[in-house]
Amino acid sequence: MSSLGIVVFSALICALLQLSLGTLLLLYHNSIGRHIRKKTKSLAGSFISGVFLMNFLLLATNCFLSYAFFGGELPLLAFSVLVGILAALSLVIFCFYFRRGKTSKESTELWLPKSISRFVDSRAKITNNNSEAFALGLLTVFGELPFTFALFFLSGSMILELSAGFETLALCLFSLISVLPLLVLRLSVRRGKTVVEVQRFRVHNKFFFKLLAGICFLSLAGFVFAFKILQGGV
């Protein structure tokens with residue numbers, strides 16, 4: 001059960017990260033004025049599908065890598081390295097995830113280099129068909145990899161510890177949980193919430209988001225240390 005708990009917790013942390021959500025907001029903002037509402041819904045659905053599929057494929061790839069290099073059972077040294085990485089990421093999230101400065105107080109600009117931020121923004125502006133929206137979803141998952149790679153690798157290793165009947169289910173569950181904020185955003189917009197209202201909520205609560213994400217990374221590190229390193233060493 002600890003293995004499944006780590007997979008679910010890792011997926012929740014992925015869901016807390018803001019790049020995919022911010023990009024979907026950009027897609028909504030830049031498409032609503034140019035397309036009929038039905039088209040906008042279709043673009044959002046394709047974007048979310050891209051994020052879901054890329055999360056699924058990255059997790060499956062890490063399952064393969066874990067099996068290929070460690071036989072599906074990580075040694076204590078690998079767990080120790082992962083604990084250190086997760087603890088370091090918790091500090092990085094809190095200090096650097098949202099940009100600081102006078103111009104960033106009323107925005108949710110992320111840690112991304114300016115060139116990448118401009119690229120994502122430009123892609124969202126010119127996205128006008130489902131294939132482009134799908135590719136944009138794939139792209140945002142890659143953009144978040146500096147923070148999520150350890151989560152994918154850890155979760156992939158934990159999935160291999162589950163019984164065969166639950167491995168595919170765990171893959172799908174991780175991917176679904178990781179896109180829950182995107183699904184909630186889509187539902188909120190369909191029910192009348194405006195992009196401005198959602199963005200204002202993000203701005204007002206960005207300190208909470210980064211604090212929660214940082215605490216979750218640190219908690220996951222503690223969870224892995226307690227259930228995989230200490231128990232494994234006993």
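The values are calculated or read from the model by the stated rules, or taken from the named source; none is laboratory data. Bear in mind the structure is a predicted one, so any value in this text is a computation, not a measurement. Methodologically, a virtual Cβ is constructed for each residue, glycine included, from the backbone with ideal geometry; neighbour enumeration extends over all protein chains shown. Each accessible area value is taken on the protein alone, full model and side chains, heavy atoms only, with ligands, DNA and RNA left out. Shrake-Rupley method; radii C 1.70, N 1.55, O 1.52, S 1.80 Å.
A few comments on the model shown:
- Around the Cα centre of region 2-233, unit charges on the Cβ atoms of Lys, Arg, Asp and Glu (plus for the first two, minus for the last two) sum to a dipole of about 1400 debye.
- For region 2-233, the solvent-accessible area works out to 49 Å² per residue, with a probe of 1.4 Å and every protein chain left in place.
- If you sort the three axes of the alpha carbon gyration tensor as a ≥ b ≥ c, you get a/c of 1.5 or more for region 43-98 and a/b no higher than b/c, which makes it oblate.
- Low-density loop cleavage sites - trypsin sites (Lys or Arg not before Pro) in region 173-206, where at most 15 other Cβ are within 10 Å (DSSP): ARG191, LYS193
- In the chain, Cα pairs under 8 Å separated by at least six residues give a relative contact order of 46 percent.
- Estimated FRET transfer efficiency (SER122, THR194; beta-carbon r; R0 25 Å; 0.05): 0.60
- Region 155-234: C-alpha gyration tensor shape, a/c 1.5 cut-off, then a/b vs b/c: oblate
- For region 90-193, the equivalent ellipsoid derived from the alpha-carbon gyration tensor has semi-axes of 28, 21, 15 Å in decreasing order.
- Residues in region 217-228 carry Karplus couplings, in order, of 4, 5, 5, 5, 4, x, 5, 5, 4, 6, 9, 10 Hz; the curve used is 6.51 cos²θ - 1.76 cosθ + 1.60 with θ = phi - 60°, and Gly or Pro positions show x.
- By definition, a body whose alpha carbon gyration tensor gives a ≥ b ≥ c is oblate when a/c is 1.5 or more and a/b is not larger than b/c, and region 92-152 fits this oblate description.
- For region 185-191, 3J(HN,Hα) computed residue by residue from phi via the Karplus equation (6.51, -1.76, 1.60; θ = phi - 60°) reads 4, 4, 5, 5, 5, 5, 8 Hz, glycine and proline entered as x.
- Percent carbon-and-sulfur accessible area, region 1-142, ignoring ligands, DNA and RNA, probe 1.4 Å: 69 percent
- Cα lying deepest toward the dipole's positive end in the chain, options VAL7, LEU24, PHE153, charges on Cβ: LEU24
- Estimated 222 nm signal from helices in the chain, with DSSP H stretches of n ≥ 4 weighted -39500 (n - 2.57), rounded to 500: -26000 deg cm²/dmol
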